[in-house]
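Notes to accompany the following structure.
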Amino acid sequence: MQEATLRVRVPGCWVARFAGDGRSVRIVDRKAIGRRAMDSLVEIRRQGSPSSWDELISSVREGTAITNFRAVASDEKHLLGIVRCRDCNSCRQLVESDCFVTNAASRDGSLEWTVRFDDPKRLAELVSVLNRRQATVEVRRVTRVLGTSSLTPRQSEVLTLAYELGYFEFPKRIGIAALAKRLGVSKSTVAETLHRAEKKALGTVIAGGL
């Protein structure tokens, strides 16, 4: 298994417009909705913005392919939300490709995708299709991945920290709120990441035989 980091610029992408001025976007997960729409679970972080989340979300909707932007949870610095875009061909191509996305975040007006693949041809096909979709793609790094864990780097980080600090002990030595503070994210983000990590880890154990 190999892993690549791609720097991607997609014309008209809402993430590129939104990121900046102390704001960053991390795409936690994506799924295709029908033939033309895409839902993204996103974590948005900001520093020192005087505007409300509603004002910022409204400004992003203008001139983009966003048809719905729903906040799931938020505090002063973090927002976990679901974004629905229409006709986002580049994002759909990533989801439907033979590469596995382990991380996606905003970086200086572009998206940085981390993908894993078992054959270099799969990465080449993804880059070729993205270029045909008028996206600009730069392959920043390609490395070989050791081990067979299906956890993303962030899921592994959160799960390891939770284990080391006693989240899984009885009684718990640390709760979700304290974990969120240590990681610098919202409680809902920690809960969602832990849920996905636990599900993947259990799946690996069950598949290998208890």
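Please treat every number below as a calculation from the coordinates, not as lab data. The model shown is predicted, which means the values in this text are computed figures rather than measured ones. In this analysis, Cβ positions are derived from the backbone assuming ideal geometry, glycine residues included, and neighbour counts consider all displayed protein chains.
Annotations
- Partnerless cysteines, meaning none of the other Cys C-beta atoms lie under 4.7 Å away, in the chain: Cys13, Cys99
- In order through segment 159-174: 3J(HN,Hα) via Karplus (6.51 cos²θ - 1.76 cosθ + 1.60), integer Hz, x for Gly, Pro: 5, 5, 4, 4, 5, 5, 8, x, 5, 8, 7, 10, x, 4, 8, 8
- On the basis of the beta-carbon distance and an R0 of 25 Å, Arg17 and Asp75 show a calculated FRET efficiency of 0.65.
- Rounded, prolate or oblate (a/c below 1.5 giving rounded, otherwise prolate when a/b exceeds b/c) for segment 117-174 by Cα gyration tensor: prolate
- In the set [x] 1.11; [y] 0.93; [z] 1.07, the label that goes with Cα Rg over 2.2 N^0.38 Å computed for this structure is [z].
- In sequence order, calculated HN-Hα J values of segment 126-134 (Karplus, 6.51, -1.76, 1.60; Hz; x Gly/Pro): 4, 4, 4, 5, 4, 4, 5, 8, 6
- Dividing the convex hull volume of the alpha carbon atoms of segment 1-64 by its residue count gives 136 Å³ per residue.
- Summed side-chain charge close to Leu6 - residues other than Leu6 whose Cβ falls under 11 Å, Lys, Arg +1, Asp, Glu -1: +2
- Semi-axis lengths, largest first, of the ellipsoid equivalent to segment 153-208 are 20, 13, 9 Å, with √(5λ) applied to each eigenvalue of the Cα gyration tensor.
- Per-residue ellipticity at 222 nm, computed for the chain from helices alone with -39500 (n - 2.57) per DSSP H run of at least four residues, works out to -11000 deg cm²/dmol.
- Normalised Debye scattering of segment 95-199 at q = 0.19 Å⁻¹ gives log10 I(q)/I(0) of -1.01, counting only Cα atoms as equal scatterers and leaving out solvent.
- Within the straight-line cut-off of under 25 Å between alpha carbons, the lysines reachable from Lys77 are Lys181, Lys187, sequence neighbours fewer than 8 places apart in one chain being disregarded.
- Annotation for Asp119 and Ile82: the two label points, set 7 Å from Cα along the Cα-Cβ direction, are 3.5 nm apart.
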